[in-house]
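Below is one structure, written out as structure tokens; the observations come after it.
The values are calculated or read from the model by the stated rules, or taken from the named source; none is laboratory data. These numbers were taken from a predicted model, which means no experiment stands behind them. Cβ coordinates were reconstructed from backbone atoms using ideal geometry, including for glycine residues, and neighbour counts include every protein chain displayed. All accessible areas refer to the heavy atoms of the entire protein, side chains included, with ligands and DNA or RNA removed. Shrake-Rupley method; radii C 1.70, N 1.55, O 1.52, S 1.80 Å.
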Amino acid sequence: MNVHDSEKVAGTLLAKGYSQVETPEEADLVLYNTCSIRDKAEQKVFSRLQQFKRENGRGKVFGVLGCVAQQEGEKIFERAPHVSLVAGSASYTKLPEMLVQLEQGDRRVTGLSLETDETFDTPFTRRDNPYRAYITIIEGCDKSCAYCVVPFTRGPERSRTGESVMAEARRLAESGHTEIQLLGQNVNSYRDPTPAGWDFATLLARVGEIPGIRRVRYTTSHPRDFGKSIVDAMDANPVLCNHVHLPVQSGSDHVLASMDRLYTRADYMRRIEWLKNSPRDMAITTDIIVGFPGETESDFQQTLDLLDEVQYDSLFSFKYSPRPNTSALALGDQIPEEEKTRRLMILQEKQRAIQIRRNAELIGSVQEVLVEGRNQALGQWIGRTTQNRVVNFTAPDARGDSLLGKYLPVRVTRSGPNSLVGECLANVL
Ligand code: 5AD
Ligand code: SF4
């Protein structure tokens, strides 16, 4: 989501006549797009700001965008006095005006209002990837998970109209993008604000029907709002990729309740069953937090059991990090850092073994790969399968960059915990 926000900011400024330079050293204006989901990400912003200022900062204008900007507001000017612009994601359309204010002599400008209907559909987005493109369908979040800062930094949910999403997807197809990724903090609670009133499953199905679009993904889902109709839509159209990211956070009902996640393990497993019963081979990935306040050894054990039960294709795991404004802040940070680290290591080790086994099962199979890059040093091409697995493969006859953006059949010959290795079957000359 942050990557896509940066694309929107870059596009908005390019449309106003700004030009982009290759390195921050060459820039007159340096904008930091920031994340405050965990404390570590937030601290990184301040250390980078200081370091860059010391080494290369003379004469430049600095701005801080994104969730740290929204959360810390004018306090950023105190901690990093060389910053002159602070703006949250709901204010990006106002960036050009804010920059004009700075040029006219204002020393400091802010864009921090969250009172906006704006869903920031800009025609100016500058796309970084010529094949895969992001489309924001819903901004903000109306859940209140006890650990999560997002509702405070991105504000309440605002869905874009189905019509504007479709128009953007068609434009992208016309410009040669074949893979679309629909984005939102909770895409499942998407609801078209026009009388058409499309829900997420309907929008997903419609985007999947656009000529020229070969793959559609979406992230991120909330299990509570993940309805069967979404799986039905996926079953009906192979353009909708065989992958669902369904963050569980914990395998313990006690922890899920204190996180205010609004589902039980059994509710979650019902959704997993829908996916496992699909005629399509659905990859399932998740997010897990270890060391949430009150998480006992037995709670943690239940999370490990869940990994065995679900057999995730991949997961992101995090140590709990107390965040400003969140309700869990009142619970303190009860699990010592070393214990969080221990749990994280055990969890990641278990998942690694699962991934090694699951990926090895694919050896010998033929996967359709969208080619996205090239590793010159290894003489390999890099792409992804519909399940979002990374495949590094050889294609001895290929020339130059000729394979980029193509969909090719690749036979898997080897596997590791995080990727597959293979050889292209097509005659690609
Ligand atoms: N501490 C640790 N992890 C967090 N996440 C969100 N907030 C926190 C926090 N305070 C994780 C969740 C979420 C992912 C994007 O980041 O697992 O799904
Ligand atoms: Fe945060 Fe929960 Fe909203 Fe996800 S659903 S963004 S974890 S509050």
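Here are the numbers for this structure:
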{"item": "Qualifying positions in segment 1-24 - charged (D, E, K, R) and in a helix (DSSP H, G or I)", "result": "D5, E7, K8"}
{"item": "Helices (runs of 4 or more DSSP H) contained entirely in segment 156-242, each with at least 1 residues that are under 25 Å from T125 (Cα atoms) and either among the small types (G, A, S) or open to solvent by less than 30 Å² (accessible area, probe 1.4 Å) (or both)", "result": "162-174, 200-208"}
{"item": "Conditions (1) within 16 Å of ligand 1 (Cβ to nearest atom); (2) open to solvent by less than 20 Å² (accessible area, probe 1.4 Å): number failed by S278", "result": "(1)"}
{"item": "Residue list for segment 136-153, restricted to those being free of Cβ contacts under 8 Å to residues at least 60 places away in the same chain, buried (at least 20 other Cβ atoms within 10 Å of the Cβ) and either over 22 Å from A87 (Cβ atoms) or within 9 Å of ligand 2 (Cβ to nearest atom) (or both)", "result": "G140, C141"}
{"item": "Filter result for P324 (part of a strand (DSSP E or B), open to solvent by 30 Å² or more (accessible area, probe 1.4 Å) and of a type outside the set (D, E))", "result": "no"}
{"item": "Positions within segment 282-313 being at positive phi and within 16 Å of ligand 1 (Cβ to nearest atom), in sequence order", "result": "G291, G294"}
{"item": "Residues (in a helix (DSSP H, G or I), within 16 Å of ligand 1 (Cβ to nearest atom) and among the small types (G, A, S)) located in segment 243-267", "result": "S258"}
{"item": "Subset tally (residues that are open to solvent by less than 40 Å² (accessible area, probe 1.4 Å), part of a loop (DSSP other than H, G, I, E, B) and within 18 Å of M282 (Cα to Cα)) for segment 418-429", "result": "0"}
{"item": "Candidates R399, R411, R389, filtered to the one that is within 22 Å of P130 (Cα to Cα) and open to solvent by 40 Å² or more (accessible area, probe 1.4 Å)", "result": "R399"}
{"item": "Residues of segment 145-167 classified as within 12 Å of ligand 1 (Cβ to nearest atom) and hydroxyl-bearing (S, T, Y), total", "result": "2"}
{"item": "Segments classed as helices (runs of 4 or more DSSP H), wholly inside segment 25-105, with at least 3 members that are open to solvent by less than 70 Å² (accessible area, probe 1.4 Å) and at pLDDT below 90", "result": "39-56"}
{"item": "Long-range neighbours under 9 Å by Cβ, at least six apart or interchain, first residue more than 12 Å from ligand 1 (Cβ to nearest atom) within segment 314-336, second open to solvent by 80 Å² or more (accessible area, probe 1.4 Å)", "result": "S314/N418"}
{"item": "Residues of segment 297-318 that turn out to be in contact with a strand residue (DSSP E or B) (Cβ under 9 Å, 6 or more places away or on another chain) and open to solvent by 60 Å² or more (accessible area, probe 1.4 Å), as a count", "result": "1"}
{"item": "Q348 being outside any helix (DSSP H, G or I), open to solvent by 30 Å² or more (accessible area, probe 1.4 Å), touching a residue at least 24 places away in the same chain (Cβ under 8 Å) and not aromatic (F, W, Y)", "result": "no"}
{"item": "Search result, residues across segment 7-22 that are open to solvent by 50 Å² or more (accessible area, probe 1.4 Å) and of a type in the set (S, T, N, Q)", "result": "S19, Q20"}
{"item": "Pairs with Cβ under 6 Å, 6+ apart, first in segment 63-76 and closer than 15 Å to P324 by Cα, second of a type in the set (D, E)", "result": "V68/E42"}
